[in-house]
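Participant: One structure, as structure tokens, below. Some questions next.
Values in this text are rule-based calculations from the coordinates and carry no lab data. Quick caveat, the model's predicted, so the values are computed rather than measured. Glycine also receives a Cβ, built like all others from the backbone with ideal geometry; neighbour counts cover every protein chain displayed.
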């Protein structure tokens, strides 16, 4: 499925729709170039999952940031926001112990998942964001 | 009754080492891409002391080709160089192991694997020499760094901690009394430099590269946003600034050397203005006229100069660590441990390491 998101509000609305479908152990992988809007989308999704922290700091240096959230069912969940940009290959991803995040009570949101696409469980939603020529706010989003 | 329970639980979680008056502290730092060992010697009664040896190995060259720190590579490198650095400082200081009274070690925040290497090495040294391990918070080290070979401002003061992983404003009430009054809601200032550098095709780390180019650039050529400046709080946000840099570069026909220089100057000016204005706002809000800046980005000359000028206009005194103590080092870890001993502060029981150790949670 491919769709155009015209602005940040539409991105947030899309994230809210996605959040309603999520269950324990789900993984959302976010692909896209620098500035394509991976972090904006990740933050919108965390908000939609009820993450209340005022600051949602970039995981680029820490690699994994953890939060408390709520599923659409009302059950409390934990949210892991990861950035694998600085990881080199799949073994390193494994060494971080990421598999524990692919089970209850976690929902994982992962930027730069290309570093280890084989690591993921079956319950993966892979989203690709692209910017659109000549419009700073518009993004194309592909869910596959 | 409630009060008593709180006091009890606090003392239960913390401990105080019993050491002599005159101490030699060996410190280890390995939280990110610098491996460092240092020895600080001082008198905890007078608070007088000095750094007597330090040795540092940077992995920046190793990581430059990846455009950032690679955690697993970092851990391996720390492990390889730590014993050599420790031998170096012991030889430089002309001390024997039984002269060392305690081992201070960065126990967080940082990369798990990297922290574990330093912490395990510290524990090994401590066990072999029957001396205590003093777990130190990396950011407390940065905060107190201007006191090494200089003097800390009187408490309370405002601190701007700014690096690749952090951007925060802190009200420092005393050793162990840190209240975070502002922070970045997304990217850190140093991260904005790193990512802008990537857009400009410059190597990691971005800050020094941008500073070098900015010297000859025109900071007014590109109109970049000053994020959060209009907001009536002390928070930062640098994610959008990086995106603005990306769009401005994309709109250029060619990214030539002059454009690179102008963009570097424009980014530096935008980041610098936001950091300085928010810091001065923090001083005003807390009614404090002493400001300290620390962390890797505090080595940026443009920021240091701008801060001195703008703070001077408002009668605010500025404390800056020497540039070599802005970036990660072990001297600041040894010094923080010494300061804690001087005021008879407690030390945390950090079980191994705590990659997400909160600064506000520290106690005297």
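Participant: Residues in the range A:113-127 near a label at residue A:143, defined as backbone nitrogen under 14 Å from the 7 Å Cα→Cβ point?
Facilitator: Only A:124-127 fall inside the zone, counting backbone N under 14 Å.
Participant: Report, to the nearest 10°, how far helix B:112-129 tilts away from the longest principal axis of the Cα atoms in chain B, using its own Cα long axis and a range of 0 to 90°.
Facilitator: Helix B:112-129 and the main axis of chain B meet at about 20 degrees.
Participant: Of all the C-alpha pairs in the range B:187-300, what % are more than 23 Å from each other?
Facilitator: Numbers: 1765 of 6441 pairs.
In whole percent, the share of Cα-Cα pairs in the range B:187-300 beyond 23 Å is 27.
Participant: I would also like to ask the following. Determine the calculated [θ] at 222 nm for chain A from helices alone, applying -39500 (n - 2.57) to every DSSP H run no shorter than 4 residues and normalising by the residue count; nearest 500 deg cm²/dmol.
Facilitator: For chain A, the value works out to -6500 deg cm²/dmol.
Participant: If you look at just the Cα atoms of the range A:2-143, how large are its Rg and its Dmax in Å?
Facilitator: Answer for the range A:2-143, Rg first and Dmax second: 14.3, 42 Å.
Participant: Give me the angle, in degrees from 0 to 90, between the Cα long axis of helix B:189-199 and the longest principal axis of the Cα atoms of chain B, rounded to the nearest 10.
Facilitator: For helix B:189-199, the angle is close to 50 degrees.
Participant: Looking at the range A:71-141, what % of the alpha carbon pairs are farther apart than 19 Å?
Facilitator: Working: 1133 of 2485 pairs.
That tail contains 46 percent of the Cα-Cα pairs.
Participant: Right, another one. Sequence gap at least 6, Cα distance under 8 Å: using those rules, report the relative contact order of the range A:73-120 to the nearest whole percent.
Facilitator: The value is 53 percent.
Participant: Give the angle, between 0 and 90 degrees and rounded to the nearest 10, that separates the Cα long axis of helix B:331-342 from the longest principal axis of the Cα atoms of chain B.
Facilitator: 50 degrees
Participant: Rg and Dmax in Å for the range B:181-237, alpha carbons only: what are they?
Facilitator: 13.0, 35
Participant: May I ask for the Rg/Rh ratio of the protein assembly as shown, computed from Cα atoms with Rh as the Kirkwood radius, given to two decimals? Please list the in-between numbers first.
Facilitator: Values: Rg = 23.2 Å, Rh = 23.9 Å.
Expressed as Rg/Rh, it is 0.97.
Participant: With each run of n ≥ 4 DSSP H residues scored as -39500 (n - 2.57), what mean residue ellipticity at 222 nm is computed for chain B after dividing by its residue count and rounding to the nearest 500 deg cm²/dmol?
Facilitator: Result for chain B: -13500 deg cm²/dmol, rounded to the nearest 500.
Participant: What number does chain B give for Rg over Rh if you use C-alpha atoms and the Kirkwood radius? Show your work: numbers first, answer last.
Facilitator: Values: Rg = 20.9 Å, Rh = 21.1 Å.
Computed over Cα atoms, the ratio is 0.99.
Participant: Based on the alpha carbon coordinates of the range B:271-364, what radius of gyration and maximum Cα-Cα distance (Dmax) apply, in Å?
Facilitator: Computed over the Cα atoms of the range B:271-364, radius of gyration and Dmax are 15.7, 46 Å.
Participant: Another question, then. Per-residue counts of other Cβ atoms within 10 Å, averaged by peptide: what ranking do you get for B:268-281, A:24-37, B:290-303, highest first?
Facilitator: B:290-303, B:268-281, A:24-37
Participant: So for the pair residue B:305, residue B:349, with labels modelled 7 Å out along Cα→Cβ, what separation do we get in nm?
Facilitator: 5.2 nm
Participant: Can you figure out the FRET efficiency of residue B:155 with residue B:99, using R₀ = 25 Å and their beta-carbon distance, to the nearest 0.05?
Facilitator: Approximately 0.20, to the nearest 0.05.
Participant: Oh, and also: Test of understanding: ordering A:46, B:90 by Cβ neighbours within 10 Å, fewest first, what list do you get?
Facilitator: B:90, A:46
Participant: Just need the relative contact order of chain B here, percent rounded to a whole number, with Cα pairs under 8 Å and 6+ apart.
Facilitator: Relative CO of chain B lands at 24 percent.
Participant: Follow-up. Starting from 0.36 nm per residue, how many nanometres of slack lie between residue B:215 and residue B:84 once their C-alpha separation is accounted for?
Facilitator: Details: separation 131, 0.36 × 131 = 47.16 nm, distance 3.76 nm.
Fully extending the segment from residue B:215 to residue B:84 adds 43.4 nm.
Participant: How far apart, in nanometres, would the label points at residue B:48 and residue B:364 be if each is projected 7 angstrom from Cα along the Cα-to-Cβ direction?
Facilitator: Taking the simple label geometry, residue B:48 and residue B:364 are separated by 2.5 nm.
Participant: In nm, what is the difference between 0.36 nm times the number of residues separating residue B:257 and residue B:230 and their Cα-Cα distance? Please report the intermediate quantities before stating the final value.
Facilitator: Details: separation 27, 0.36 × 27 = 9.72 nm, distance 3.28 nm.
Result: 6.4 nm gained on full extension.
Participant: Normalised by the number of residues in the range A:2-143, what is the relative contact order in percent for Cα pairs under 8 Å and 6+ residues apart?
Facilitator: 36 percent
Participant: I'd like to compare B:188-196, A:63-71, B:245-253, A:76-84: which one has the highest average count of other Cβ atoms within 10 Å, and what's the full order after that?
Facilitator: B:188-196, A:76-84, A:63-71, B:245-253
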